[in-house]
Amino acid sequence: MVSRAETSGWALAVLLLMAAAIPWFLWGDATTIAGLPLWLWWHVGLMGLAALVFYAFTRRAWGVGVRPGGERP
């Protein structure tokens, strides 16, 4: 069974990833790196981070918020 603190931690991780999905601070920035705009590199990095977080979630807490009590198969 997954603890309430762990469930809250996964929820916080998802909320942080969602908040980082739109790089407000890069709006209007024309910086390019390797021919691509900086905001695109931001999304490449964010998708890499999201993949790592999702991998950790599937290994540690699959079923949290879906199955009653958060039990694992």
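Tabulated data
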| read-out | value |
| --- | --- |
| Sole exception among (1) surrounded by 10 or more Cβ atoms within 10 Å (Cβ to Cβ); (2) in a loop (DSSP other than H, G, I, E, B); (3) in contact with a Pro (Cβ under 9 Å, 6 or more places away or on another chain) for ALA30, by number | (1) |
| Verdict on ALA13 being surrounded by fewer than 10 Cβ atoms within 10 Å (Cβ to Cβ), at pLDDT 95 or above and within 10 Å of the chain's Cα centre (by Cα) | no |
| Among the residues listed as PHE54, PHE25, the single one being surrounded by fewer than 13 Cβ atoms within 10 Å (Cβ to Cβ) and either modelled with pLDDT under 95 or out of contact with any helix residue (DSSP H, G or I) (no Cβ under 8 Å at 6 or more places or on another chain) (or both) | PHE25 |
| Residue check, ALA5 assigned to a helix (DSSP H, G or I), modelled with pLDDT under 90 and either surrounded by 12 or more Cβ atoms within 10 Å (Cβ to Cβ) or among the hydrophobic types (A, V, I, L, M, F, W, C) (or both) | yes |
| Of the criteria (1) in a loop (DSSP other than H, G, I, E, B); (2) modelled with pLDDT of 90 or more, which one ARG72 fails | (2) |
| ALA34 vs. criteria of a type outside the set (Ser, Thr, Tyr) and in contact with a Leu (Cβ under 9 Å, 6 or more places away or on another chain) | no |
| Residue, farthest from ARG4 (Cα to Cα), within region 33-58, restricted to residues that are part of a helix (DSSP H, G or I) and more than 15 Å from the chain's Cα centre (by Cα) | LEU38 |
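The values are calculated or read from the model by the stated rules, or taken from the named source; none is laboratory data. This structure is a prediction, so every number in the text was calculated from the model and none was measured. With ideal geometry, Cβ positions are generated from the backbone for all residues, glycine too; neighbour counts draw on all protein chains shown.
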